Amino acid sequence: MTTPAYKRVLLKLSGEALMGDDPYGINRATIERMVADVSEVAQLGVELAIVIGGGNIFRGVAPGAQGMDRATADYMGMLATVMNSLALADAMRQAGMVARVMSAIGIEQVVEPYVRPKALQYLEEGKIVIFAAGTGNPFFTTDTAAALRGAEIGAQVVLKATKVDGVYSADPKKDPAATRYSTITFDEAIAKHLQVMDATAFALCRDQKLPIKVFSIVKPGSLKRVIMGEDEGTLVHV
């Protein structure tokens, strides 16, 4: 068996990725397919942590949140990520995997709190760690949470799973001539005004020399190809 290119990774999933073709919520077939992809990678011996967004749930209440205090709305979004994390962990359990949900905000009756040494122990034991509730602070995105947790656990790369198979020179939906970058530096991405992650997350990864791999989670087998170091998606590096 070929050796994986990475030993420890942080996978960032958007909440919207769980919707499938549904307008909001969690599509069961979609989450089961994602869990199958994760299981395939875990069987390679890769230590995997996950940060998931909450857009699929918060989208359903977003119209009612208009005009709401930003911090309050952000806390609602954090709770949505806890719901997604629980659903993901349960789907993993049903698939025979061991997952632990760790929350940045205290909900001890539901999930355990995020404690870095404990998270590292779980990873070393081969368990999948799902980080819920973002950073635990309003005004920060789950992209920033992914960059922060990735740096804290010593991940070799942040895998940003999207619906697009990499970073392009232009919007591929609008410009047929747009080309995908196989690799690009942080500085080049800034100079070309490419939206890889939000500015805070991007700056944190650049400062910590933590590469970002952008790839499509909807392409079958893409996660394993990324882990194996194949030409899948776009690698953003120093």
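The values are calculated or read from the model by the stated rules, or taken from the named source; none is laboratory data. Computed from a predicted model, the values in this text were never measured in an experiment. Positions of Cβ are generated from backbone atoms using ideal geometry, with glycine treated the same way; all protein chains shown enter the neighbour counts.
What's the total number of residues in region 130-141 that are surrounded by 17 or more Cβ atoms within 10 Å (Cβ to Cβ) and either of a type in the set (Ser, Thr, Tyr) or more than 28 Å from residue 93 (Cβ to Cβ) (or both)?
Count: 3.
Please determine whether any residue of region 56-77 is within 30 Å of residue 228 (Cα to Cα), within 19 Å of the chain's Cα centre (by Cα) and hydrophobic (A, V, I, L, M, F, W, C).
Taking region 56-77 as the starting set, the residues that turn out to be within 30 Å of residue 228 (Cα to Cα) are 56.
Among the residues that remain, those that are also within 19 Å of the chain's Cα centre (by Cα) are: 56.
So of that shortlist, the ones also hydrophobic (A, V, I, L, M, F, W, C) come out as none.
Checking region 56-77: not a single residue is within 30 Å of residue 228 (Cα to Cα), within 19 Å of the chain's Cα centre (by Cα) and hydrophobic (A, V, I, L, M, F, W, C).
Limited to region 178-193, what total is found for residues that are in a helix (DSSP H, G or I) and either in contact with a Cys (Cβ under 6 Å, 6 or more places away or on another chain) or surrounded by fewer than 16 Cβ atoms within 10 Å (Cβ to Cβ) (or both)?
From region 178-193, those in a helix (DSSP H, G or I) are 186-191; that's our starting set.
Imposing the further condition that a residue be either in contact with a Cys (Cβ under 6 Å, 6 or more places away or on another chain) or surrounded by fewer than 16 Cβ atoms within 10 Å (Cβ to Cβ) (or both) reduces the set to 187-188, 190-191.
Here the count works out to 4.
Among the residues of region 115-138, is any touching a Gly at 6+ places or on another chain (Cβ under 7 Å) and closer than 22 Å to residue 204 by Cβ? Talk me through it step by step, then tell me what you get.
Taking region 115-138 and keeping what is touching a Gly at 6+ places or on another chain (Cβ under 7 Å), we get none.
No, there is no match, as no residue in region 115-138 is touching a Gly at 6+ places or on another chain (Cβ under 7 Å) and closer than 22 Å to residue 204 by Cβ.
Please go through (1) at pLDDT 95 or above; (2) surrounded by fewer than 17 Cβ atoms within 10 Å (Cβ to Cβ); (3) of a type in the set (Ser, Thr, Tyr) for residue 81 and return the number of the only condition it doesn't satisfy.
Here residue 81 meets the rest and fails (2).
Go through region 132-163 and count every residue that is more than 16 Å from residue 9 (Cβ to Cβ), within 14 Å of the chain's Cα centre (by Cα), of a type in the set (A, V, I, L, M, F, W, C) and in a loop (DSSP other than H, G, I, E, B).
1
Going by the conditions given, is residue 114 closer than 19 Å to residue 13 by Cα, aromatic (Phe, Trp, Tyr) and in contact (Cβ under 8 Å) with a residue 60 or more places away in the chain? Give the steps one after another, and end with the answer.
Working: closer than 19 Å to residue 13 by Cα: yes; aromatic (Phe, Trp, Tyr): yes; in contact (Cβ under 8 Å) with a residue 60 or more places away in the chain: no.
Answer is no for this residue.
In the list 214, 196, which residue meets the criterion of being under 21 Å from residue 9 (Cβ atoms), of a type in the set (A, V, I, L, M, F, W, C), part of a loop (DSSP other than H, G, I, E, B) and free of Cβ contacts under 8 Å to residues at least 60 places away in the same chain? Before the answer, list the steps.
Working: 214 fails: part of a loop (DSSP other than H, G, I, E, B).
None of the other options fit; the residue is 196.
Just checking, which of 190, 217 is out of contact with any strand residue (DSSP E or B) (no Cβ under 8 Å at 6 or more places or on another chain) and modelled with pLDDT under 95? Explain how you work it out, then say what you get.
Working: 217 fails: out of contact with any strand residue (DSSP E or B) (no Cβ under 8 Å at 6 or more places or on another chain).
Every option except 190 fails the conditions.
Can you name the number of the only condition in (1) out of contact with any strand residue (DSSP E or B) (no Cβ under 9 Å at 6 or more places or on another chain); (2) within 23 Å of residue 41 (Cα to Cα); (3) among the charged types (D, E, K, R); (4) at pLDDT below 95 that residue 224 fails?
(4)
Name, by its number, the condition in (1) within 23 Å of residue 210 (Cβ to Cβ); (2) buried (at least 21 other Cβ atoms within 10 Å of the Cβ) that does not hold for residue 35.
(1) is the only condition that residue 35 fails.
Take the residues in region 142-162 that are hydroxyl-bearing (Ser, Thr, Tyr) and modelled with pLDDT of 95 or more; name whichever of them is surrounded by the most Cβ atoms within 10 Å (Cβ to Cβ).
From region 142-162, those hydroxyl-bearing (Ser, Thr, Tyr) are 142, 144, 162; that's our starting set.
Next, only the ones that are modelled with pLDDT of 95 or more stay: 142, 144.
Numbers: 142: 29, 144: 23.
Checking each candidate, the answer is 142.
This table checks each residue for (1) in contact (Cβ under 8 Å) with a residue 40 or more places away in the chain; (2) within 19 Å of residue 227 (Cβ to Cβ); (3) among the β-branched types (Val, Ile, Thr).
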residue: 119; (1), (2), (3): yes, no, no
residue: 126; (1), (2), (3): yes, yes, no
residue: 132; (1), (2), (3): yes, no, no
residue: 144; (1), (2), (3): yes, no, yes
residue: 153; (1), (2), (3): yes, yes, yes
residue: 156; (1), (2), (3): yes, yes, no
residue: 165; (1), (2), (3): yes, yes, no
